[in-house]
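Since the structure comes first, as structure tokens, the remarks are kept for the end.
The values are calculated or read from the model by the stated rules, or taken from the named source; none is laboratory data. Not measured: the values here are computed from a predicted model. Counting neighbours? That spans all protein chains shown, and the Cβs are built from the backbone with ideal geometry, glycine included. Calculation scope for accessible area: heavy atoms of the full protein, side chains included, ligands and nucleic acids excluded. Shrake-Rupley method; radii C 1.70, N 1.55, O 1.52, S 1.80 Å.
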Amino acid sequence: GTLAEPQVSVDATYMGTVVDLAMGNEDFSTLVAAVSAADLAETLSGEGPFTIFAPTNDAFAAALEALGISAEDLLADTETLTNILLYHVVAGKVMAADVASLEAATTLQGADIAITVTDDGVFLNDSIQVTTTDLEATNGVIHVIDGVLLPPAG
């Protein structure tokens, strides 16, 4: 069959996994390093599909500053790192059009992310904005976010 034209021109569907897609984007180098440090690259290269809310390098830098820790410290603490990263991943392929009808999404970490849609855009846990949507890969979709989601303590 023929492929439908994508709604947004972001190189159509990337013919690699969500991990490959992130690795090919320099804005995600911190995320890619974190995924590697947490040993999640293989998991996230699996069949999926996965929906990943991907923080940019700037988002990671701001979060680390707010938490008062260095990137090296975070990457060394694989348990915390894994918890944080899995809190950015939802099983299944949730496209932007579907996000608007959801109030929450359960992450691979186990806790839910609250989803709020306003005139200003889509927000996760009331404070983190989705800035780019529907970057499709063979095993899922990436939505770019402007902050790092921290799982609820517990």
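Here THR138 clears all of (1) closer than 20 Å to GLY16 by Cα; (2) open to solvent by 60 Å² or more (accessible area, probe 1.4 Å); (3) touching a strand residue (DSSP E or B) at 6+ places or on another chain (Cβ under 9 Å) except the condition numbered (3). The residues in region 107-122 that are within 13 Å of the chain's Cα centre (by Cα) and either farther than 27 Å from SER70 by Cβ or among the hydroxyl-bearing types (Ser, Thr, Tyr) (or both) can be counted, and the count is 1. Every test in (1) on the phi > 0 side of the Ramachandran plot; (2) assigned to a strand (DSSP E or B) is passed by THR132 save one, and that test is (1). With a requirement of 2 or more residues that are in contact with a Ser or Thr (Cβ under 9 Å, 6 or more places away or on another chain) and open to solvent by 30 Å² or more (accessible area, probe 1.4 Å), the strands (runs of 3 or more DSSP E) lying completely within region 24-129 that satisfy it span 112-118, 121-124. Within the option set ILE113, ILE52, being over 16 Å from LEU31 (Cα atoms) and touching a residue at least 40 places away in the same chain (Cβ under 8 Å) holds for one residue only, ILE113. Of the residues making up region 97-122, those that are under 15 Å from ILE142 (Cα atoms), of a type outside the set (Gly, Ala, Ser) and at pLDDT below 95 number 3.
Pairs meeting the criteria (first residue in region 91-102 and touching a residue at least 12 places away in the same chain (Cβ under 8 Å) and at negative phi, second residue assigned to a loop (DSSP other than H, G, I, E, B) and of a type outside the set (D, E, K, R), beta carbons under 7 Å, at least 6 apart or on different chains) are ALA91/LEU108; LYS93/PRO49. Close Cβ contacts (under 6 Å, 6 or more residues apart or on different chains) running from residues in region 55-71 that are of a type in the set (Gly, Ala, Ser) to residues that are open to solvent by 40 Å² or more (accessible area, probe 1.4 Å) comprise ALA59/ASP146.
Condition check: of a type in the set (D, E, K, R) and in contact with a Phe, Trp or Tyr (Cβ under 7 Å, 6 or more places away or on another chain). Does GLU136 satisfy that? Against the criterion (of a type in the set (D, E, K, R) and in contact with a Phe, Trp or Tyr (Cβ under 7 Å, 6 or more places away or on another chain)), GLU136 qualifies.
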